[in-house]
Amino acid sequence: MKRLLALLAFFLLTGASEPVLVTDISQHRIELRQGFTGAQLLLFGAITSPEGANAVRDYDVVVVLEGPARQMVLREKRKVAGMWVNAEYTTLRSVPSFYAVVANRPIRQITDPRTAAIYQLGLDSLQLSPSDSIDPARETHFAKGLVDLMQRQGLFHQDDSGVTINGGVLYSARIDLPSSVQPGVYTAETFAVRKGRVVASATARVEVGKQGFEKAVADFSQRAALAYGLMAVAVSVVMGWIAGRLFALF
């Protein structure tokens, strides 16, 4: 908060000629330890405008928190002769492991579809980059299926009333991270929108990483994949043998 106030005072004193978006975030690092049940991030900041406080009241705020992107093969299942089998599939090259977007009012009322697509504002504006050439209808079908799947897992989220603006200047938003979030660097990007146009943006980063025993196991699995695999098999065999002996006693 002190950093935010200092930056805000600086821009006010220097008389910036363009709208200025000053942002901060409650946590810049989240540790994934045993028993991690999720976390909540508070994103907050202020908008200053050279036109004065009355002009600031005309701004909308959209906040996007996005996790590391990955490639994903998406398969569609169909029921054939009473059995579910894999049918069509496509490969998406740029699927965020986590995506949340919050705004002070519905994004469709804030900006037009083209601008929303450029800045990926909203679940229906995500650019997933299919690796093969598919027709737009099929691409939309797979995109909707992926969004629905990730929403049910708590990894995709959109809240058109998740940003609170106080006095037309200060804003705040809360975004929940579920316990299933993947490690990596998360990008929190805030957009100030006026009359449908993005006039200012600011970016903050949050590092999500494993610590303690979980980090040691993850590092070992990457450094020595073969040894880790053999150890995992050995542990499974031993545990199975112990369980069998216990059941035999009863």
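The values are calculated or read from the model by the stated rules, or taken from the named source; none is laboratory data. Here the structure is a predicted model, which means the values were calculated and not measured. Heads up, the Cβs are rebuilt from the backbone with ideal geometry, glycines too, and the neighbour counts pull from every protein chain shown. Protein only, heavy atoms only, side chains kept; ligands, DNA and RNA dropped before computing areas. Shrake-Rupley method; radii C 1.70, N 1.55, O 1.52, S 1.80 Å.
Overview of values
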{"read-out": "Amide hydrogen neighbours beyond the local backbone of residue 70, cut-off 5 Å, H modeled", "value": "95, 97"}
{"read-out": "Net charge dipole size for the stretch 103-174 [Lys, Arg +1 and Asp, Glu -1 on Cβ; Debye, nearest 20]", "value": "220"}
{"read-out": "Residue 92 - accessible surface, heavy atoms, 1.4 Å probe, Å² rounded to 10", "value": "10"}
{"read-out": "Which of 156, 104, 167, positive extreme of dipole for the stretch 55-172 (C-beta unit charges)", "value": "156"}
{"read-out": "Portion, in percent, of the accessible area of the stretch 69-133 that falls on carbon or sulfur, probe 1.4 Å", "value": "48"}
{"read-out": "Calculated from backbone phi, Karplus (6.51, -1.76, 1.60) coupling profile of the stretch 182-194 in Hz, x at Gly/Pro", "value": "8, x, x, 9, 9, 10, 10, 10, 10, 10, 9, 10, 9"}
{"read-out": "Surface accessible to a 1.4 Å probe, residue 124 within the full protein complex, Å²", "value": "110"}
{"read-out": "Counted charge near residue 141, where neighbours are those whose Cβ lies closer than 10 Å (Asp, Glu -1; Lys, Arg +1)", "value": "-2"}
{"read-out": "5 angstrom amide H check on residue 207, placed H, neighbours 5+ away", "value": "29, 30, 186"}
